[in-house]
Structure formats: structure tokens, C-alpha cells
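Just so you know, all these numbers are worked out from the coordinates, no wet-lab data involved. Quick caveat, the model's predicted, so the values are computed rather than measured.
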Amino acid sequence: MRYYLWTIGCQMNFADSRQAAVELDGIGYSEAGQPQDADLILLNTCVVRQSAEDKVVGRLTSLQGLKRRRPDLRLALMGCYVSEIPALQDRYPWVDAFIKPSDIPAVIEFAKEQAAASAYHDTECRRPIAEPLVSTGVPISQGCDHLCTYCIVRLRRGPEVSRPVDKILAEVRGLARRGVKEVTLLGQNVDSYGHDLPPLASPSPHPASGQVLEAQAQPEEEGDGSSRSPDLADLLEAIHEVKGLERIRFLTSHPADMTDRLIEAVARLPKVCEHIELPLQSGDDTVLRRMGRGYTVEQYRDLVGRIRLALSGKVAAPGAAGVQGLGLATDVIVGFPGETGAQFEATYRLLEELRFDMVHVAAYSPRPDTPAEQLPDDVSPGEKERRRKAVDNLQERIVGKINARLLDQTVEVLVEGRHKGRWRSRTRTNKLVFFDVDEEDWTGRLAHVRITRTGPWSMQGAVM
Ligand code: SAM
């Protein structure tokens, strides 16, 4: 039995797809290179922006003919496109299953039914797990409690639900045993991780103690006598102890939820990379208020200042050259309803001032049933595109200059594998570095490279 898996959207979707692939491998499926070679097709979908939804619809439509020719083929749709299943069934009668976002058990159940229905009974070719990865995402929460007026995520994924610390820890330990060196903890808003979990079993470790936190049975007494749930700082502390793991990242943060405790943990824990994804969305207070973001430009600026200050003195992991500072990434939406030229200019100037390492910029698109859908979508497509390109061009200049400062510096990189005949690696600050070394396999190694060429999107280096 063979599966074909197509994924679009956020890192959470890609993590779900990897998990589905691992579990499909585990029950005897193998991956097909193209849809026509598969017995099972899974489309893992995204609807955060209209452009993503258009691609999903295009893909579904293009598979209709294949399904007609191959009625035995099973087609399942999962991810954020899946809501109001009866309406989807009417619209896409050639789809066999509609599976809610991140519901991997339902995918596997569906795949098992398909395998049982076929003549396939060869248990011999079951293989345990796909090849080991160097770096992978680990979901720590699902859904989101924020009510950003433009965003469909809460409507499709529901309110935030955190996974218990011990479950995440067990998964990370298993990954490290299989050779994973870096995990990225994933959630729509990782900064509010744990607020819905039961209180901690034992007092959380003092920041300097390095103790590991596991069970969650007994309430912890805080200074004021109340108990407290684990938070992302506790989770980082716990995962930090996992043997074999070299690096930890997390995304995405929310500016209204990032605590000093978390910043302190990032600054203190050597394995936690100096890389933060902190969506700004707009550099204008009126637009931020209408987006329902819950912070002002001044609060965002202050937060960035505190993060940079806290991390400026960080001694990176043993042996690492701590010359890179912080890799700060953000998201921006241009052309939100009512965004004037002056309000866009304010965003542009803030990006110039804060100098991010990466800006994911999107033109606003109205999403069904969101509050912003009720507002007139009054910035023309041409103007949205002009603003989007202006941000892209600005960012290319800024990051080009930031990266140029790394020339001749030695940085620690984690080697992810081969890419077009070269070794592809990443700095702690999430920058791509390519280098050449002929002998042996460098995959999964931490290396020190001297940067020999820089550009906005990647750099080249030589192993020291
Ligand atoms: N945690 C993130 C945050 O704090 O905003 C949300 C992640 S969201 C799933 C990914 C990005 O998609 C958002 O940061 C936003 O920039 C973009 N996005 C969401 N809804 C959008 C819309 N209606 N139009 C354009 N971009 C949108």
C-alpha cells in the first residue's frame, strides 16, 4: 500500500504530516512519489489566506479525474480546510474522508480500513519508522485563545489545548534516541503554553537549579500561596535535560503573552536557540486595535528591547561562538481593511527601526466568519501588492546588511543534510549556511564554520 501526502500551510501542518507519514510507515504503507502511484492520497490543507485555500481547491479539483479513473483510490482531506463536513461532502463527492486538523489517529484509522479492504495482508514489509531526521517540529499545543479579527485559525482549530509536559518530554526523548538533534516546539501561540494544564507536582526548578520537572499531581505553592500551571519556561527547562538533543526552538510567540520568565529561560538555557518568531502584524496602534492584537507599538518595541538586552550577554552552548546575537522574525499583514497609506508607512518605518532577520509579509485576505470579514476590504489588490513588495524589498536590504556583519566570523551550525552537492546547515539564529567538505557524512553534526560569503537568504562558510 502506498500513500501520497501533500501539505500546505504552517509548521504545525508539516509536523502533523511528518507524524502521519511516520505512523503510515509503521502500519506498512510506503510513500509514493506521485498521486497516480498511490492507494491513498492525503491532502493536509490550510485556509489562513485566500491564496492557500485557492491552492487546496485547485489540488482537489485536479484529483477528481484521477479518482474517476481509479475508484479504488482513497482520498482524504485533513487540516484547516475541513469544517462543516456535510457542505464539503456535497461540494467534493469524490473525497472519501474529511479529517479535522491534527487528528492523526483518524488518518491512521482511515488508512488501516483502506488496507484491510484491499488484498494487502503482507505484514512482513512493515517497517518501524522513517529515516531519522536532524531537526523536527513537536506540537505542544493545538488551537488558539486569541481573537485576532482577521484570523480563521481559532474557528478551525478551536481554543488552545496544551499537551502535558510528560507527553511532550517522552516524545522528545524518543526523537533524541532516534538521532534528532534539534526540536522546534510548535503552537499557534506557544507563549501561553500550559495555562490550561493542572498545577505542577513539585516546585518548578529555581531558574539556576537545572532540575527536571515531570509529573503534575500536587499543586505547587507560589510565593503568594496559590498554585501555578507549567509554562513554556518550565517546558524548555525540562526538555533541556534530554540527552543527545543539541538545540531547542519554539514558535510562534505572541507579543501580549511573552513573559520575562520565558525571556530569562531563553537567555539562560544553552540549548535554547537565540531565535524568536514574534508576529507584529502592523506598526500602527489603530490598525493593531482593529486587528484585536492586544498590544501597542510601544509595548512591542519595549518587548523587543527587553529580549535583545536579555540575550545580548548570552554565552551560547559550550564551544559555540556567541557572535550572532538574536535571530528575530516577524509576521506582517498589509492592506488590512481601512489601512491608510500613512498607517502602512508607520509599519514600514517600524520595520526599518527594529531590523528583523526575517519578515513574513502577507496581503490581507478576508476569511469566512471572521470579524474582519464584515469590514470593507477597501485596499485595492494592486495597492496591497505594492505594500507587500515594498516590505519585501526593504527586508532584503536590511537582512543583507545584518548578514554581512557575519563575514569572517565563526559560527556554530547544525548540519541538516546534503543540498545540491553541498552541506546545508543552520545557525542558532536560524540562518542557512552552505559549505563543502568531501569526506564523510556531516549530517546531524554541530560544526564551526567561518562565514566566507553572505547574502540576504543564505551564506557560505568553510569548516574550521
Ligand atoms: N501566532 C500567530 C500570530 O500571533 O498572529 C498566528 C499565526 S497565523 C496562523 C500565520 C500568519 O498568517 C499570521 O501571523 C498572519 O500574518 C497571517 N494571516 C492570518 N490571517 C490572515 C489573513 N486573513 N490575511 C492575510 N494574512 C493572514
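Short version: ³J(HN,Hα) in whole Hz for each residue of the stretch 418-429, in order, from phi by Karplus 6.51 cos²θ - 1.76 cosθ + 1.60 (θ = phi - 60°), x for Gly and Pro, what are they?
The phi angles translate into 8, 8, 6, x, 10, 7, 10, 9, 9, 6, 4, 8 Hz.
Convert each backbone phi in the stretch 236-243 into a coupling constant with the Karplus relation 6.51 cos²θ - 1.76 cosθ + 1.60 (shift: θ = phi - 60°), then list the ³J(HN,Hα) values in order as whole Hz, x for Gly and Pro.
For the stretch 236-243, the Karplus-derived couplings read 4, 4, 5, 5, 4, 7, 5, 5 Hz, x marking Gly and Pro.
When a/c is below 1.5 the answer is rounded, else prolate if a/b is larger than b/c, else oblate, so apply that to the chain with a ≥ b ≥ c taken from the square roots of the Cα gyration tensor eigenvalues.
It is rounded, given that a/c, with a ≥ b ≥ c, falls under 1.5.
How much length, in nm to one decimal, is gained on full extension between Gln34 and Arg70, taken as 0.36 nm per residue of separation minus their Cα-Cα distance? Before the final figure, lay out the partial values.
Working: separation 36, 0.36 × 36 = 12.96 nm, distance 1.41 nm.
11.5 nm is the gain from fully extending Gln34 to Arg70.
Could you check what % of the DSSP bridge pairs in the stretch 329-464 are antiparallel, to the nearest 5?
If we restrict to bridges inside the stretch 329-464, about 70 percent are antiparallel.
From the phi of every residue in the stretch 329-340, what ³J(HN,Hα) in whole Hz does the Karplus formula 6.51 cos²θ - 1.76 cosθ + 1.60 yield, where θ is phi - 60° and glycine or proline is x?
Values, residue by residue: 10, 8, 10, 9, 10, 10, x, 4, x, x, 5, 7 Hz.
Where a Cα-Cα gap under 30 Å defines reach, which lysines qualify for Lys67, not counting those fewer than 8 residues away within the same chain?
Output for Lys67: Lys55, Lys100, Lys112.
Report the antiparallel proportion of the DSSP beta bridges in the chain as a percent, rounded to a multiple of 5.
35 percent
Give the lysines reachable from Lys420 as a straight Cα distance under 21 Å; neighbours fewer than 8 places away on the same chain don't count.
Reachable lysines: Lys431.
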